[in-house]
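A short worksheet on the structure shown next.
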Amino acid sequence: MTSATHPTDRPEDHAPVDPAATDAPHRTSETAMERLTSIRGTIDNIDAALIHLLAERFKATQRVGKLKAENDLPPSDPEREKAQIQRLRSLAEAAHLDPEFAEKFLTFIISEVIRHHEAISEDHQRGHDA
């Protein structure tokens with residue numbers, strides 16, 4: 001007795017293969033990578049905008065530092081800094097951004113601004129002493 005099929009054969013072993021079905025993980029991976037690349041491009045653009053905004057902010061704070069030095073004002077203004085931190089925390093909450101992160105970010109920026117203001121003040125004092 002001859003059989004056309006082997007006893008361990010299953011009907012699904014002989015079903016036609018759908019190339020799209022076997023390629024699905026690869027296509028999903030390609031689609032995910034395309035989306036990832038697109039999202040990363042957006043992040044890169046935002047990072048570039050942040051750098052440009054920070055540069056503009058530091059140009060403005062340099063002008064503040066010069067004005068303070070010319071008028072013998074201290075490089076640091078703790079009340080203004082406290083108000084700015086509180087304002088930024090509120091903005092962060094409204095934007096659904098962690099206010100702790102926003103505070104750390106602004107605190108770092110403020111420390112850099114103060115460092116610049118101190119340097120401007122020292123340069124100004126040396127100029128008057130010369």
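Since every read-out is calculated from the coordinates, none of them should be taken as a lab result. None of the values given here were measured: they were computed from a predicted structure. Virtual Cβ from ideal backbone geometry, glycine too; neighbours counted across all protein chains shown.
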(request) For segment 81-130, build the charge dipole from Cβ charges (+1 Lys, Arg; -1 Asp, Glu) around the Cα centre, then report which of Gln84, Ile110, His124 sits farthest towards its positive end. (result) Gln84
(request) Set the Förster distance to 30 Å, then compute FRET efficiency between Glu70 and Phe101 from the Cβ-Cβ distance, nearest 0.05. (result) 0.25
(message) Can you give the local net charge around Phe105? Use residues other than it whose beta-carbon is closer than 15 angstrom to its beta-carbon, Lys and Arg +1, Asp and Glu -1.
(response) -3
(message) Expected output is a single nm value to one decimal: the length gained when fully extending between Leu54 and Ala32, i.e. 0.36 nm times separation in residues minus the C-alpha distance. What is it?
(response) 4.7 nm
(message) Quick check for me: using +1 on Lys/Arg Cβ and -1 on Asp/Glu Cβ, what's the dipole size of segment 37-117 about its Cα centre, in debye to the nearest 20?
(response) 200
(request) Order by neighbour count: Leu106, Leu50, fewest other Cβ atoms within 10 Å first, most last. (result) Leu50, Leu106
